[in-house]
Structure formats: structure tokens, C-alpha cells
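Before any comments, here is the structure.
The values are calculated or read from the model by the stated rules, or taken from the named source; none is laboratory data. All values reported here derive from a predicted model rather than from experimental measurement. For neighbour counting, all protein chains shown are included, and Cβ atoms are generated from backbone atoms with ideal geometry for every residue, glycine included. The protein model used for the area step is the full one, side chains on, heavy atoms only, and it has no ligands, DNA or RNA in it. Shrake-Rupley method; radii C 1.70, N 1.55, O 1.52, S 1.80 Å.
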Amino acid sequence: MSLAARRYVGRFAPSPTGLLHAGSLAAALASWLDARAHAGRWLVRIEDLDRPRCIPGAAEQILRQLADCGLQPDAPPLWQSGRDGAYAEALARLRLAGWAYPCGCSRRDVALVQPSTRQRFGELIYPGTCRDGLNGKAPRAMRLRTEREGSAVIVDWFDRRLGPQRQNLATEVGDFVLQRADKLWAYQLAVVVDDAEQQISDVVRGEDLSDNTARQIHLQRLLGLPQPRHLHTALVLGTDGHKLSKQNQAQALDTQDPLAALTAAARALDLPAIEANTTPDWLGAATKAWADRWLIASQAGAMA
Ligand code: GLU
């Protein structure tokens, strides 16, 4: 089915490792507004994969914070902790096709094999040591090839805000993990399997996640899953100019005053000031402002 013919389904996919903060509310609002502006559906997925890092009760509180702001999903949320079977099946298919393989290397092994290997975000790029066999090592993680028969996987994709993007997965990322040594599923595999399960047509999320997109498209192609459209929004910065995140103690959001929280999120998304006295009125006006900004912009882009 062509993308234009697909019904718009958007999603917000929080990890319950903390509560909603100003940055994650902006991501939630952007995906909600884009769905409403397209007269589409909006779903929530609780990304509770990294069980040791999840905070008990955080997911329920995030859902309450969203509801306080009038952001109600159109179906019950999907919880990744209940999806082991689907991820295992996808991994089995990738293994059978020769794309996924077991890797016996520890971080130390990677550093020893190739001390001068390139780094990316402070991590060594995996040099592909176990691609053609474990050489007697015990399997630890499962990885996905980013190069086959000497040719690198290069992914070209389009972002509605950032424009055309290209990533050479072999040189810029390296064979990446699908299942960790501790058996936890990697974000890349789970996102792709679940975006397909929820029939997501449009991924709208913060720009900090845009670097993952090429890996996710590679997986979608290998698994024969539809590729959603993408819009990565500008990041919400703290007063110190750094990205707000749970890691740097972004303050949990007070949604007792939803209009104040929404107004701050809209400012972060660079929407014009919205005058309204109730949350539904505010959301209605914001949807119009969003449509003026992003729907007309993308139609103009399509015509150019
Ligand atoms: N769970 C991810 C996060 O909270 C978002 C995943 C996504 O939107 O693709 O950063």
C-alpha cells in the first residue's frame, strides 16, 4: 500500500525510567498534534524494555500526566514488557536470513582487537569480529550486519523538518546489538517490531533520536515491514543550553496546571502563542497552528 493511502497513525513511546518532563511532554504533544492535524489516530507505547532501569509506577504516572494535559491515546497502550515472543520471532527470521549473528565479544575484547577503532558517542564501533563465526567464544549478544558480501548498507531517508538524510551504517554505526548479553532486547529491534504491530504511519519524536532512524529502516527492510514517515522535532534545552533528559535531572512536570505545561511545550516546539481558557480549546487551537506550520510546509515541499 502506498504511504499516501495508509491511514495516519502516530505514537508517543515513553520509557518509564522517570516521569514526563518538559522535553518528553513536547515530544508527546508534537506527535499528538501531528496525528490530530492529519485527522489520524494517536497511540501510546510504554517502552519498558530495560527492566532494571524502569521505575515502578512511572508508566501509570506518565499516562496520568498525559491525561491531565488532554492527551488520551485512542487505544490502550502497548507495553513492550509483554512482547518477548514477537521480538524473538523477528530475531529468528533475521538469523535465518543470515543477517543476525551471535557475538562473543565483551567491550574489552573489542578494545583489544582494534585499539585504534573509531568511536561513536564514546563507544567503540564494533569491528565485526564474530561476523563469520564465534571462534570458540561463548555467544553473548546478538548483532545485525551492516555490511554483506563487501557492500556497506547505506540508508537514505527523508525527515519532514531536517530534509534528506544519509547514513552509512557500516562505517558510521557498525553491526549493532539486537539482544544484549543479559538477554534484554535492544531498543532498535523492539521499536521496529512494535511500530509495525501498531501500524504506525508517522514517527514524530525528538531530534536526539534521529540518529537511530537509519538502523530502524535497515531492520524494516530486512523484515519486510512498512517504513513510516519521520519528523524529528527540535530539542528542548535547559537554561544551561543542554538537552533536557532524565539523566540530567530534568524536573518532573507539574501537570496540575495543564495549560502552563502545554504552553511551555508549545514554545519549545516554536508554535505561536495560543490563547485559550480550557485544555480542549487550547489543543484545538494548537492543532490548527501545527497544521499551518507542518502540513502546509510538507505540501509545499512535495510540490517543489
Ligand atoms: N522510548 C524512547 C525514549 O523515551 C523513544 C522511542 C521512539 O520514539 O522511537 O527516548
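Assorted remarks:
- Counting protein heavy atoms only, the chain has 52 percent of its accessible area on carbon and sulfur, 1.4 angstrom probe.
- Separation in nanometres of the label points that stand 7 Å from Cα toward Cβ, at Ala88 and Arg64: 3.5
- Taking every protein chain into account, the accessible area of segment 1-90 amounts to 40 square angstrom per residue (probe 1.4 Å).
- Measuring max minus min along each principal axis, the C-alpha atoms of the chain give extents of 67, 45, 38 Å (largest first).
- Segment 9-14 - phi-based ³J(HN,Hα) in whole Hz, Karplus 6.51/-1.76/1.60, Gly and Pro as x: 9, x, 7, 10, 10, x
- Length-normalised contact order for segment 162-286 - Cα pairs under 8 Å, 6+ apart - percent: 17
- Length-normalised contact order for segment 1-51 - Cα pairs under 8 Å, 6+ apart - percent: 53
- The smallest convex shape that holds all Cα atoms of segment 110-235, its convex hull, gives 129 Å³ per residue.
- For the chain: relative contact order, % (alpha-carbon pairs under 8 angstrom, 6 or more apart): 24
- Free-standing Cys, the chain [no other Cys Cβ under 4.7 Å]: Cys54, Cys69, Cys105
- Based on DSSP H segments of at least four residues, each scored -39500 (n - 2.57), the chain has a per-residue ellipticity at 222 nm of -10000 deg cm²/dmol.
- Amide H contacts under 5 Å for Asp159, placed H, 5+ residues apart: Gln165
- Among 128-136, 172-180, sorting by the average number of other beta carbon atoms lying within 10 angstrom of each residue, highest first, gives 172-180, 128-136.
- Arg131-Leu162 FRET efficiency (beta carbon distance; Förster radius 30 Å; 0.05 resolution): 0.45
- Full extension of the chain between Ala273 and Asp211 gives 19.3 nm of extra length, using 0.36 nm per residue less the Cα-Cα distance.
- DSSP bridge orientation in the chain - percent antiparallel, rounded to nearest 5: 60
- Amide H contacts of Phe176: Leu144, each under 5 Å away and 5 or more positions distant or on a separate chain (H built 1.01 Å from N in the peptide plane; Pro and chain starts excluded).
- Simple spin-label estimate for Lys288 and Arg180 in nanometres, 7 Å along Cα-Cβ: 4.7
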